[in-house]
Amino acid sequence: MERTDFYRKVMALVIPMALQNLINVGVTATDVIMLGRVGEKVLSGCSLGGQVFFIFSLFLFGVSSGVSVLAAQYWGKKDTRTIEKLWGIVTVIAVTVGLIFFLCVQMFPDRIMRIFTNEPEVVAQGVKYLRIVSFTYPMVAVSMTYLNLIRSIEKVVISTVVYGCSLVLNFVINAILIFGLFGAPRLGIVGAAIGTLSARALELLLMLWYAVRKNDVIRMRISCLIHPDKLLFRDFMKYAGPVIVNEILWGVGYSANAAIIGHLGSSAVAANSVAQVTRQLSMVVVFGIGNATAIMIGKAIGENHRNIAEIYAARLIRLAFAGGCIGGTMIMLIRPLIIRGLGFSGLTAEYMRWFLFLMSFYVVGQAVNTVFVVGIFRSGGDTRFGMILDMGSMWFCSILFGAVAAFVLGFSVQAVYFILLSDELVKLPFTFWRYRQKKWLKNVTR
């Protein structure tokens, strides 16, 4: 494929997915900005309470990424009936886990919050938030897995539309209920939770409408839910299993980071909340490139075009590096505006200045590693290596040494944060080494 045609095809996938990522970050940013105006404790409660959904969403991402290993290659073979069977498998798994998360939060919200912080006021605010947003978990299980699955068949615009409508509704309800506009009660963090619940319900309704009325390629068949294909389920567990474990442990690792920071004080928590949202905003295009990589390379391998897959991979790595550099530069440029705009001062502003500086370098490494692990390796079924690499760099490097630095050696908050962000740097030489081995060039379809 000529370079012009290649980049045109990449942008056709990346732009809608980047917009979708931007919208998803916008939902989080809405809560952070509005609740930041209410108070530091409220913002911290929402941020730490949101760690539960973060872990669950990473499980869903793991399921979706795992199934896309198979779905993209079956799409290359134009075998849509098998993709429908894959939808049935992932939906049953996702909804089951969503209900488990919902029940745990409803029964033990206080205990869950105390994992992340020991400040009573922050715990109380987080409990209020969790009790309401936990109702969204089964809803998101259905909508996210479906919308991510149909990405594999290159239907990416519908996700942007669904999440765009969701963002608008979330913003409106948040503004009304958090601040008590138009005579509504001033609910604070409860208003933010209601806004999130309303937005997720809208996502589910729009997704079901599209699936039933508009999508004539992949049908939602009840038989695929009731009678899953056993042979296909084994394939799914073989290739998706490591991805699911990877994403869950990676999510728990990120939450472990949040827990370490949470025990360093609410100023550190508030600064990290803003830094993480800024990171997500700077990475929306790169995450879109990572997803496009999985789709394009998976399809090429499914069509048995290994040479084309290699060419795609090399070009997409360079594109990801450029995207990471742009994202890091963006963080450095807007850093003063963020600190002034949110009105933080004193210790919180000092932490935020340092956290954002570190984040501007972190996103470059994350950009390259994302395209390697999530895009290239997974598209060819090389999922186990990514799991081992992510777990090793996070749990046995950044989290372990970060916890020791924080609770044993008594390092400064800034030094602890630097250590917690070191995992992406550790991964880089290993991802390049694995890429050159070409073990990811594997057709996994039957």
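The values are calculated or read from the model by the stated rules, or taken from the named source; none is laboratory data. All of these numbers come straight from a predicted model, not from anything done at the bench. Cβ: placed from backbone, ideal geometry, glycine included. Neighbour counts: every protein chain shown. All accessible areas refer to the heavy atoms of the entire protein, side chains included, with ligands and DNA or RNA removed. Shrake-Rupley method; radii C 1.70, N 1.55, O 1.52, S 1.80 Å.
Structure values in brief
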quantity: Long-range neighbours under 6 Å by Cβ, at least six apart or interchain, first residue more than 14 Å from ALA292 (Cα to Cα) within the range 368-384, second of a type in the set (Gly, Ala, Ser) and outside any helix (DSSP H, G or I); calculated: none
quantity: Every pair of residues 6+ apart whose Cβ atoms lie under 6 Å, when the first sits in the range 62-76 and is within 10 Å of VAL90 (Cα to Cα) while the second is open to solvent by less than 10 Å² (accessible area, probe 1.4 Å); calculated: VAL63/VAL90; VAL63/ALA94; SER64/THR145; GLY66/ALA240; GLY66/VAL243; VAL67/LEU86; VAL67/VAL90; VAL67/ALA240
quantity: Residue match in the range 179-195 (condition: touching a Leu at 6+ places or on another chain (Cβ under 6 Å), open to solvent by 50 Å² or more (accessible area, probe 1.4 Å) and without any contact (Cβ under 8 Å) to a residue 40 or more places away in the chain); calculated: yes
quantity: Contacts under 6 angstrom Cβ, first residue in the range 287-314 being more than 17 Å from TYR7 (Cβ to Cβ) and open to solvent by 10 Å² or more (accessible area, probe 1.4 Å), partner modelled with pLDDT of 85 or more and among the small types (Gly, Ala, Ser), 6 or more apart; calculated: ALA294/GLY375
quantity: Qualifying positions in the range 149-171 - open to solvent by 40 Å² or more (accessible area, probe 1.4 Å) and touching a residue at least 12 places away in the same chain (Cβ under 8 Å); calculated: GLU154, LYS155, VAL157, VAL161, CYS165, LEU167, LEU169, PHE171
quantity: Condition met for VAL284 (within 24 Å of SER412 (Cβ to Cβ), modelled with pLDDT under 85, open to solvent by 10 Å² or more (accessible area, probe 1.4 Å) and within 19 Å of the chain's Cα centre (by Cα)); calculated: no
quantity: Extreme residue, surrounded by the most Cβ atoms within 10 Å (Cβ to Cβ), among residues of the range 118-140 that are of a type in the set (S, T, N, Q) and not in a helix (DSSP H, G or I); calculated: SER134
quantity: Residue count for the range 385-420, restricted to those that are over 30 Å from ASN307 (Cβ atoms), without any contact (Cβ under 8 Å) to a residue 60 or more places away in the chain and within 25 Å of the chain's Cα centre (by Cα); calculated: 7
quantity: Matching option when the condition is open to solvent by less than 30 Å² (accessible area, probe 1.4 Å) and either assigned to a helix (DSSP H, G or I) or not β-branched (Val, Ile, Thr) (or both), among ILE115, ILE100, ILE83; calculated: ILE83
quantity: Elements of type helices (runs of 4 or more DSSP H) in the range 341-416, at least 2 residues being among the charged types (D, E, K, R); calculated: 346-370, 383-393
